[in-house]
Structures are given as structure tokens and as C-alpha cells.
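Taking it in order: structure first as C-alpha cells, then the write-up.
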Amino acid sequence: MTPSNQQDRANTLVQAARRLWFGSYHGILSTHAKAVPDYPFGSLVTMCRDYDGYALLLLSHLAQHTQNLHDNPHCSILTVELNPANIQQSARLSCLARAEPLKDISTPLLRRYYRYFPDSREYYENLNFRFYRLIPQRFYFVGGFGATRWFDPSRMLANPAFSDDEENKWLDVLKSSSQIFESNTQTTSPIGIDPLGLDLMQGETISRIMFAEPVSTLEQVLESLRQIGHGGTKNT
């Protein structure tokens, strides 16, 4: 394979990895077990991204992960493309990270998390759950047989998000464009947007519309939605 082909291959893989990262809302978090030293402890958690592209988690103060992270903040989180036909062919992405507790989470970030997980408000306000964000150190992507590569955060998280003000203004515009999100069976509402896609809440389920090309303006968002006729690539 020529250097040019190798670079093209790397670019293809990093774009696939970025789409998986920004389109994932849950993953397997693995921490260093305090109860059984030297062994990893993994369980399923929900997540969304903050405005730096970092994973944002809400954990109970009683959770094993919380106790583990208190002693050792190093962890990883695994996200997997849903492919029920053959799980071995599903793309997967591991993020090796350092967990950082957010003692004073910003109002915009709190508001964003609540849009993705409305029930979490009760947990945070009344049940002593606390936010953590995962500071990525490296990513490892498996896109298929022989399609594996390590990526630095600088490549994975380049231009990760719009500002809080931009996102909220754009979501308001999209919500007013009700014809884009008409559904005969359930309420559909846009809840988050980044350069790679638009996240929707359909009833109680999060889904995603992938843009054909990265966007940077509201005009490009609207044009992308028109081009795919709201029937573009979706992840759930």
C-alpha cells in the first residue's frame, strides 16, 4: 500500500471512529476494581458528549464505578455499532481516559444532559448522583477485519461541537420547522447537534441523523436535512 493510500485509509477510519463516538449514547465503562484489586470492573452506563467532545457520565455516589474512580481515575469506555446480524462485524471504539469529577457543572452542560436523559434531573438534584467527564488519552478503533488503528484525541475530537448559544439557537430553529420532524406515532424533537449529525428524541428513544458531510453553519444543517429528506443515515 502506497503512503497516499495509507493516509486515505487512516482518514476513512478516523471519520468512521468519530461518527461512532459522537453517535453513541451508552457504553461499557471499565474501572479498576477496589473490591477485587488488579481486576477490571465493567458495566453499562449512559453518556452524551460535552462541548469538548468528552463523554459526560452521571453516576451514583454508591456505584462501584464511583468508588473505583475515587481511588484510580484511569478508565476506559467501549462503544459498539449496533449490528445484530453479526456482532463480530460491528465497529467498536475504546476510549482510554481519565475520569474527572465535575463538582460545579455549568448550567449549559447540565441543560444539555437533561435533554438527552430527562429522568436524570431527579437523580442529580435529589439522589446524590454526580457528574464525571472522561478526559480522553487515546482511542482504539476496530472497523472490521484488519481495520484497526489507534487515534490521538487531537484527531478524534477536532471541531467537536458548537457553542451552547449556537446549539440552542439552531435547535429552536429546527423545532419550529415541524415538517422536518413529523411523526405519525410519537413526538420527535431535536435535542443536540454537532458537526457530524443531529440527535433526536423520538418518544423515549434517542436516534441520530448523520450528515453526509461535516457542517459548520445553520444553513449547512438545513441544506443537509433537505438533501437527505430527513431520511438519511440514522443510528439508535
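Some values worked out for this structure:
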item: Test: residue in the range 181-192 that is touching a strand residue (DSSP E or B) at 6+ places or on another chain (Cβ under 9 Å), assigned to a helix (DSSP H, G or I), touching a residue at least 24 places away in the same chain (Cβ under 8 Å) and not assigned by TED's automatic domain parsing to the domain that holds Ile105; result: yes
item: Asp119 being within 22 Å of Ile191 (Cβ to Cβ), within 13 Å of the chain's Cα centre (by Cα) and surrounded by fewer than 17 Cβ atoms within 10 Å (Cβ to Cβ); result: no
item: Some residue of the range 98-115 being within 15 Å of the chain's Cα centre (by Cα) and assigned to a strand (DSSP E or B); result: no
item: Number of positions in the range 54-105 that are polar (S, T, N, Q) and either at pLDDT 95 or above or not assigned by TED's automatic domain parsing to the domain that holds Gly42 (or both); result: 9
item: Within the range 122-167, considering residues that are over 18 Å from Ala91 (Cβ atoms), of a type in the set (Ser, Thr, Tyr) and surrounded by 12 or more Cβ atoms within 10 Å (Cβ to Cβ), the one nearest to the chain's Cα centre (by Cα); result: Tyr132
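The values are calculated or read from the model by the stated rules, or taken from the named source; none is laboratory data. As the structure is a prediction and not an experimental result, all values here were calculated from the model. In this analysis, Cβ positions are derived from the backbone assuming ideal geometry, glycine residues included, and neighbour counts consider all displayed protein chains.
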